[in-house]
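The block underneath contains the structure these notes are about, expressed in structure tokens.
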Amino acid sequence: MAKLILTHEVTGLGEPGDVVDVKDGYARNYLLPRKLATPWTKGAEKQVASIRAARKAREIASLDDAKAAKDALEAKEVVVTARSGESGRLFGAVTTAEIAEAVKAAGAPAVDKRKIEVGQPIKALGEYTVSVRLHPEVSAKINLKVVAS
């Protein structure tokens, strides 16, 4: 087992600043190459406080604020423009960064692209539902419309 400190959020594992024990292969082949975690040492343990402070500054402070942001996000229709062929298939896929920019452009509260969860890759024109984790207890569903540019 490898002991790591997460530097980014990993779904199902933890938040930035969490100290986790994972299997060696998962650490060596997935977490470390993608810079999602750093090896745990006594010196690195001191960095945990700064990672947690940065996370607190970014996340929505209270449950009430998260619920208000959820209502604002769900009330908006978010439109993403993408290049597509004649059959409606996209050249590539809609990324979470593009969704985050479209949410911001729609006048809804800004969301972090790492908090957006897309079930299946969006590779065609149409309407989709995307979830955004605003708070550990609050998740919002965004109505996303992909149109041709």
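Bridge orientation summary for segment 63-148: considering DSSP beta bridges with both residues in this region, about 70 percent are antiparallel. Rounded to the nearest angstrom and listed largest first, the equivalent-ellipsoid semi-axes of segment 47-149 from its Cα gyration tensor are 28, 15, 10. Convex hull volume per residue, computed on the Cα atoms of segment 1-104, equals 149 Å³. Counting only DSSP beta bridges with both residues in the chain, the antiparallel share comes to about 80 percent. Please list, short to long, the whole-number percent of alpha-carbon pairs of segment 2-58 in consecutive 10 angstrom bins beginning at zero. It works out to 26, 58, 16, 0, in whole percents. Remark: relative contact order (segment 22-149) = 27 percent; criterion is Cα-Cα distance under 8 angstrom and separation of 6 or more residues.
The numbers here are math on the coordinates, done by the rules we state, and not lab data. All of these numbers come straight from a predicted model, not from anything done at the bench.
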